[in-house]
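Structure first, commentary second.
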Amino acid sequence: MSTEKELILLNQEVYKVDPDYKDNGNKIKYTDKADSKLENHEKNVIQAGDREFKILSVKNGNYGFQGMAVAPIVNGTPDYEQVTVIASGTYPSDKTDIKSAVKGLSPNGSPQADVAVDYVGDLIDKNPDWTITQLSGYSQSAYILKAGAHFKIPTTVFSGWFQYRSLTKEEETFMKNNPHLFLNYRQKNDDVTKWNDFNSSWGNSDDFGTIVWIDGSSHKLDSWDFDEKTGQLKIPNSSGNSEGAMIQANHYIMREFSAHLTELDQLKIKLTANGGGLSKNEQLYLNDQQALIAVNTGRFAYQNAMANAIRAYQKGMTDAEVIWQETLRESRRQTELLSENEIKDSLAAVGATQQRMVDEPTEYFQKKITKTKTMDEKFENLSKEIKNKIDELIQRDKELAQQLRS
């Protein structure tokens, strides 16, 4: 799948599917034409970060819709197992696009949404050898979330304003049950999103756990930062972003879990391709792999939750010491005639001692941290135990080992 940094770059480029789009006054058009049929101003490959993407399909549809399907080029060939569909945001110079954006303020949402659903459905029907792994959009084209819910495809949008009430009952149910497949990154004080769908952080409609709220006020695509190693969107470490960071991490964990289960399903198909059923060892292998995935997913989820808890515990210990020191300073200021010991004795008379205000809370928080680390070790040991069992099974069954390598 494309990284979120690549998705941002693809969202910036999709506007050029529009034949009337001009980039700094230069007419550039992306197309799905073959190399031999390209004209001077046309391109069928997009550079997004370190990777090139082949344009497999473009769409100029009704209501000002523009979209494209792309695949990363791997060893000189498009990887049809990793197709991404991008829908363009609002192009201010396109009056039809603007009209669609205005209509998108209603509970029914943008009319471009239905065009997007039809486009993705058409791509699926006409290209059975493709696997569409991802959808993405920006601003108005957050309506691609509807296509994602309709076809059960992971979808990531940026600064997306979207009428979640426009989902059908089936789409809404799927999104509610699988929020990890949908990410809508929004900055809390972005007035464009707030006043277009009213779904602000204090909003009046349910986003079903798909919006990741981040401190900031920009609506621009280039306002996001990314992790240099993973290419995923980087959320600044602050108290205002703690909930958004946890939602993002949980989504990543569950997406990884779903991807691994899909790999297991594909392996099961491979093992039974000769028409026979699974052997005892093959069934054991699949069961063990599924258990390993479950354990590792549980561990990652636990680590994510406990990382936030540990930060809170550590802050609690620091705050306890700060409060005690402030109490002493204020007492010294109010009672200058008393000695240090007399001040502490007076505080102790009302229950304010270092033991009670610092030592006991610190001991409590430290026990919590130790318990957290012990639980993580249990997850790790269980994971190692299952891995060893899988390795032993493969060593015993040479035929199974050969099938896994092929």
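So the values come out like this:
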| item | result |
| --- | --- |
| Where labels lie 7 Å past Cα in the beta-carbon direction, separation of SER93 and MET1 in nm | 3.5 |
| Local net charge near VAL358, Cβ-Cβ under 13 Å (Lys/Arg +1, Asp/Glu -1) | -4 |
| Rg(Cα)/(2.2 N^0.38 Å) for the stretch 4-234, N = residue count | 0.96 |
| For TYR252, TYR185, order by how many other beta-carbon atoms lie within 10 Å, fewest first | TYR252, TYR185 |
| Percent of beta bridges antiparallel (DSSP, the stretch 4-234, rounded to nearest 5) | 55 |
| Hits among lysines - C-alpha to C-alpha of LYS371 under 27 Å, sequence gap 8 or more where chains match | LYS315, LYS384, LYS387 |
| Mean Cβ neighbour count within 10 Å, used as a protection proxy, ranking 144-155, 329-340 highest first | 144-155, 329-340 |
| Other-chain or far-sequence residues with amide H under 5 Å of GLU52's (modelled H) | ILE73 |
| Unsatisfied cross-links (Cα-Cα over 26 Å) in the set LYS22/LYS194; LYS33/LYS152; LYS194/LYS234; LYS43/LYS99; LYS22/LYS188; LYS99/LYS220 | LYS22/LYS194; LYS33/LYS152; LYS43/LYS99; LYS22/LYS188 |
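Values in this text are rule-based calculations from the coordinates and carry no lab data. In this text, all values refer to a predicted model and were calculated from it rather than measured experimentally. Virtual Cβ from ideal backbone geometry, glycine too; neighbours counted across all protein chains shown.
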